[in-house]
Amino acid sequence: MTSSGSGPSRAALVRGTWLVSSTADGVTEPATFRLRDREWDLLPGVFAPNYCESTAFFTESLPFPAGGSFLEVGCGTGVTAVSAAAEGCTRVVATDISEAAVENSRLNASRHGLSGRIEVYRGDVFDGLRPEDRFDLVFWNSPFIDPGAGAAPARVQDERREGLRRAVFDPGYRAHRRYLAEAGTRLTAGGRLLLGFSDLGDHDTLHRLADEAGYRISVLRTSGDRVRGIDYQLLELVPSDD
């Protein structure tokens, strides 16, 4: 695990760089992949769940509120949002900063006959939502790697690779800070706030940001030995006064 004072670990940077490169180089035209006993569309420039276990692990671990509402931040291909609708959520909303990811999520909602129950908006974190929107469960499979102050910026001319970097890296944990600061206004009474994270993320900084936002962190489930070299963690952000 990284710490707020030492910068990102080499293992985190290597893993993150591999995730970006493998998808950027391996997905250069529209394709399909199989996950959770379903076929899914995959567009270039969108994080590929078939290259990484995180999407499958978090999707199968989430306590979807059957009969309730679900918001996914950073929806990517839409696997988690579509699964939420398929498993009984009556309203599902998904956001992503990437135009390609928004299109990809809409394609998969249509592929599985769930377009009428899934709303997809382009926006950073909570952008694109209506002021009055509230949800029983809010989740983000976050880009848990901070590349550090000395990291080279993404190449602006390569939009696909830049978009993929945003799915993996969060410089200075600025997006995490916003998620924690604003999520409370997006929850129903009794609503739950969850975060997909990893042992390669900066837990010291995350705990500090959670504390500043009035939350304590509870670990709901970890991937354990499922993936060699990384432990994915489904975290719940619980109000400190609960």
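So how much slack lies between residue 241 and residue 60, counting 0.36 nm per residue of separation and subtracting their Cα-Cα distance, in nm? Intermediate values should be presented prior to the final figure.
Numbers: separation 181, 0.36 × 181 = 65.16 nm, distance 2.92 nm.
Difference between extended and current length: 62.2 nm.
Here are a few candidate values for semi-axes √(5λ) of the Cα gyration tensor in Å: (i) 24, 23, 16; (ii) 32, 20, 17; (iii) 33, 30, 13. Which one was actually calculated from the structure I just gave you? Read-out taken from this structure: (i). The distance separating the Cα centre of segment 178-210 from that of segment 68-138 comes to 18 Å.
Could you please report the charge total around residue 239, scoring K, R as +1 and D, E as -1 over all other residues with beta-carbon less than 11 angstrom from its beta-carbon?
Working: positive: 192, 216; negative: 236, 241, 242.
Combined, the nearby Lys, Arg, Asp and Glu give -1.
In this calculation the C-beta distance from residue 22 to residue 189 is compared with R0 = 51 Å, giving a FRET efficiency of 0.75. Of the residues 14, 219, 82, which exhibits the maximal mean-square fluctuation in a Gaussian network model of the chain defined by a 10 Å Cα contact cut-off? Checking each option, the largest mean-square fluctuation is seen for 14.
Take residue 159, project a point 7 Å from its Cα along the Cβ direction, then tell me which residues of segment 21-49 have their backbone nitrogen under 14 Å from it. Flagged as within label range: 44-46.
For residue 187, the amide hydrogen comes within under 5 Å of the amide hydrogens of 135, counting only partners 5 or more places away or on other chains and with H modelled in the peptide plane.
Across the chain, where is the longest run that never hits GluC sites (Glu not before Pro) in a DSSP loop with at most 16 other C-beta atoms within 10 Å?
Details: sites that count: 53, 87, 132.
Longest gap between qualifying sites, sites excluded: 133-242.
Inter-label distance, residue 211 to residue 87: 3.3 nm, where each label sits 7 Å from its Cα along the C-beta direction.
On full extension, the segment bounded by residue 117 and residue 39 gains 26.2 nm, given 0.36 nm per residue less the C-alpha separation.
Tally Lys/Arg at +1 and Asp/Glu at -1 over every other residue whose Cβ is under 11 Å from the Cβ of residue 123; what's the total? Don't skip to the answer; put the middle values down first.
Values: positive: 122; negative: 96, 99, 124, 127.
Local charge sum for residue 123: -3.
The modelled label-to-label distance between residue 218 and residue 99, using points 7 Å beyond Cα along the C-beta direction, is 4.2 nm.
Just so you know, all these numbers are worked out from the coordinates, no wet-lab data involved. On a predicted model such as this, the values are computed, not experimentally measured, just so you know. Cβ coordinates were reconstructed from backbone atoms using ideal geometry, including for glycine residues, and neighbour counts include every protein chain displayed.
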